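Read the structure below first, then the notes.
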Amino acid sequence: MRSEKESEPRVVHAEFYAGSVTAKQLPPPVMAEFAFAGRSNVGKSSLLNALTQRNGLVRTSRTPGCTRQINVFIARLTDGFEAHLVDLPGYGFAARSKAEKGEWGPMIEGYLGTRITLRALCILIDVRRGPEKEELQLIEFMRARVVQSPKPVELLLVATKIDKIPANERKPALAKLKQKSELPVIGFSGETGEGRKVLWDRLRGAAL
Ligand SMILES: Nc1nc2c(ncn2[C@@H]2O[C@H](COP(=O)(O)OP(=O)(O)OP(=O)(O)O)[C@@H](O)[C@H]2O)c(=O)[nH]1
Ligand SMILES: [Mg+2]
C-alpha cells in the first residue's frame, strides 16, 4: 500500500516564467493558470514555495509589500501535468505610497479580469482573520467577471498559517470561514506543508 507521503503530488520542474506590472505585458496565455491573491504578508509567496517544494523559488519576507508585480511561475508534476502559478502583489498594505496603492488595484484586477487561461483563483486569508472588505470585494469582482473563457474560474479560499492555531481549533475555524465566504475552504501551512495535496487536487480539477 502506498503511504500518504508517496501519494503527495511531486513537482519535477518549477521555475520563474515571467513578471510584469501590467497584465497586457505578460506572455500570451498558453496554459492553465492558477492565481494567488490576498493581503500583504498573508503568505502567498510562501504557499507557492510549499506547493512547488522549492524553498527559494519565490522571494518571501517578514515585511509586508514584498511582491510588487505579477510573477508567473511554471510547474510540472511527475505525470507531466503543467500549469502556471501566478503570484500577485498583496493588497491592503498601509505603508505603501499613495501612487503605488493607486496602481495595485488595476494591476490585480487587470490580470484577474482579462486572463482567459485563468482556471482558479485562490484567495488567501490568515486563518486567524476572517474575510474582510477587500476579500468580499474580490469575490464580488470575480463573480461579475465576464471574459470569453472556455470555463468559469474556480474560486477557493485558502486559510494560511494554519500551524499558528492549535490542532483542535482548526476544523471549527475553517468551518466558520466557509460559512462567511460561501466558498470551499482549504487550510494551509507554508511551514508544515499541510493542505498541499488537497490544494493540488483542487487546482488540477479546475484545470480539466
Ligand atoms: N508560521 C507560518 N508563517 C508563514 C506561513 N506562510 C507565510 N509565513 C510567514 O509570513 C511572512 C509573509 O510571507 P510571504 O509569503 O512573503 O507573504 P506574501 O503574501 O507573499 O506577502 P506580499 O508579497 O508582501 O504580498 C513571512 O515571514 C513568512 O515566513 C505559514 O503558513 N505559517
Ligand atoms: Mg509575496
Estimated 222 nm signal from helices in the chain, with DSSP H stretches of n ≥ 4 weighted -39500 (n - 2.57), rounded to 500: -10000 deg cm²/dmol
Cβ charges +1 (Lys, Arg) and -1 (Asp, Glu), total dipole of the range 11-207, debye: 320
Most to least packed among 128-137, 83-92 [average Cβ atoms within 10 Å]: 83-92, 128-137
³J(HN,Hα), Karplus 6.51/-1.76/1.60, whole Hz, each residue of the range 52-59, x for Gly, Pro: 8, 6, 10, 4, x, 5, 10, 6
4 °C / 1.567 mPa s Stokes-Einstein diffusion coefficient of the chain, Kirkwood radius on C-alpha pairs, µm²/s: 75
Farthest positive-ward along the chain dipole, Cα basis, beta-carbon charges - from Gln25, Gly113, Pro166: Pro166
Rounded accessible area of Ser61 (nearest 10 Å², 1.4 Å probe): 50
Full-extension gain in nm, Asp201 to Asp126, via 0.36 nm per residue minus C-alpha separation: 24.9 nm
Accessible surface of Lys197 - all protein chains present, 1.4 Å probe, nearest 10 Å²: 50
Extension reserve of the Ile165-Gln25 stretch, reckoned as 0.36 nm per residue once the Cα distance is removed: 46.4 nm
In the range 3-47, the trypsin sites (Lys or Arg not before Pro) that fall in loop regions by DSSP, at most 14 other Cβ within 10 Å: Lys5, Arg10
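The values are calculated or read from the model by the stated rules, or taken from the named source; none is laboratory data. Keep in mind that what you see is a predicted model, and the values were worked out from it rather than measured. Because the Cβ atoms are built from the backbone with ideal geometry, glycine has one as well, and the counts that use them run over all protein chains shown. SASA here: full protein model, heavy atoms, side chains in, ligands and nucleic acids out. Shrake-Rupley method; radii C 1.70, N 1.55, O 1.52, S 1.80 Å.
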